[in-house]
Amino acid sequence: IIPYTSSHQPWFEKFNRAWIEKYFWMEPIDIDVLTKPEEHIIGPGGKIWMALYNEVPAGTVALKKVNAFTVEFTKMAVDEQYQGLKIGRALAEAALADAKAHGVTQVILYSHSSLKTALALYEKLGFKYMPVDGLYKRSDVKMELTL
């Protein structure tokens, strides 16, 4: 698991676009964030990580700053050929450990009830279900984790 650099943008976009288009549709916010992650995630104080498998980018996750103590866990994706290797869990654990180390006390995420594998991972990590507040049109699940 390594910190994102601008050279990772094509991978960040590719991995996320693949799952979003497979299960849903790209929303304008997706296009903005995936094509300009430095502007939408890193610039405002968020972070992105990349997972490498044999030195090849295999997955990604981002924490988007909401306020001084809250981040949104977002844009987690693992390339299909690397799924099942616990890369998603490694990414999530690294991101959450970093958030906690930097004083974050609350992590939120938005998902969809059809993404059973992702929801199972979030539950294992301690996320709890919350009322949905409609940030994304495709989301029917909101979860929260207190660090």
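Which of (1) out of contact with any strand residue (DSSP E or B) (no Cβ under 7 Å at 6 or more places or on another chain); (2) surrounded by fewer than 15 Cβ atoms within 10 Å (Cβ to Cβ) does residue 115 not meet, given it meets every other one?
(2)
Residue under question is residue 64, and the condition is that it be crowded, with 21+ Cβ neighbours inside 10 Å, under 18 Å from residue 27 (Cβ atoms) and touching a Leu at 6+ places or on another chain (Cβ under 8 Å); does it hold? Can you show your working first?
On the way: crowded, with 21+ Cβ neighbours inside 10 Å: yes; under 18 Å from residue 27 (Cβ atoms): yes; touching a Leu at 6+ places or on another chain (Cβ under 8 Å): no.
Against the criterion (crowded, with 21+ Cβ neighbours inside 10 Å, under 18 Å from residue 27 (Cβ atoms) and touching a Leu at 6+ places or on another chain (Cβ under 8 Å)), residue 64 does not qualify.
Specify the residue that is farthest from residue 47 (Cα to Cα); the eligible residues are those in segment 94-121 that are touching a Ser or Thr at 6+ places or on another chain (Cβ under 8 Å) and either assigned to a strand (DSSP E or B) or free of Cβ contacts under 8 Å to residues at least 40 places away in the same chain (or both).
Initial filter on segment 94-121 (touching a Ser or Thr at 6+ places or on another chain (Cβ under 8 Å)): 104-112, 118-119.
Next cut, either assigned to a strand (DSSP E or B) or free of Cβ contacts under 8 Å to residues at least 40 places away in the same chain (or both) only: 106-111, 119.
Numbers: 106: 15, 107: 13, 108: 15, 109: 15, 110: 17, 111: 19, 119: 22 Å.
It comes out as 119.
If you take the residues in segment 1-34 that are of a type outside the set (Asp, Glu), touching a residue at least 24 places away in the same chain (Cβ under 8 Å) and more than 23 Å from residue 85 (Cα to Cα), which one is most open to solvent (accessible area, probe 1.4 Å)?
Looking at residues that are of a type outside the set (Asp, Glu), touching a residue at least 24 places away in the same chain (Cβ under 8 Å) and more than 23 Å from residue 85 (Cα to Cα), I get 25.
Just the residues that are exposed (fewer than 12 other Cβ atoms within 10 Å of the Cβ) and either touching a Pro at 6+ places or on another chain (Cβ under 7 Å) or modelled with pLDDT of 95 or more (or both), please, taken from segment 118-147.
Step one: filter segment 118-147 for residues exposed (fewer than 12 other Cβ atoms within 10 Å of the Cβ), giving 120, 124, 128, 131, 133-134, 137, 146.
Once the filter is applied, which keeps residues that are exposed (fewer than 12 other Cβ atoms within 10 Å of the Cβ) and either touching a Pro at 6+ places or on another chain (Cβ under 7 Å) or modelled with pLDDT of 95 or more (or both), segment 118-147 yields 120, 124, 128, 146.
For segment 16-36, how many residues are under 27 Å from residue 101 (Cα atoms) and either acidic (Asp, Glu) or under 12 Å from the mean Cα position of the chain (by Cα) (or both)? Give the derivation first.
If we filter segment 16-36 for residues that are under 27 Å from residue 101 (Cα atoms), which is where we start, we get 16, 33-34, 36.
Filter once more, keeping what is either acidic (Asp, Glu) or under 12 Å from the mean Cα position of the chain (by Cα) (or both): 16, 33-34.
Qualifying residue count for the region: 3.
The values are calculated or read from the model by the stated rules, or taken from the named source; none is laboratory data. As the structure is a computational prediction, the values presented were derived from the model and not from experiment. Counting neighbours? That spans all protein chains shown, and the Cβs are built from the backbone with ideal geometry, glycine included. The protein model used for the area step is the full one, side chains on, heavy atoms only, and it has no ligands, DNA or RNA in it. Shrake-Rupley method; radii C 1.70, N 1.55, O 1.52, S 1.80 Å.
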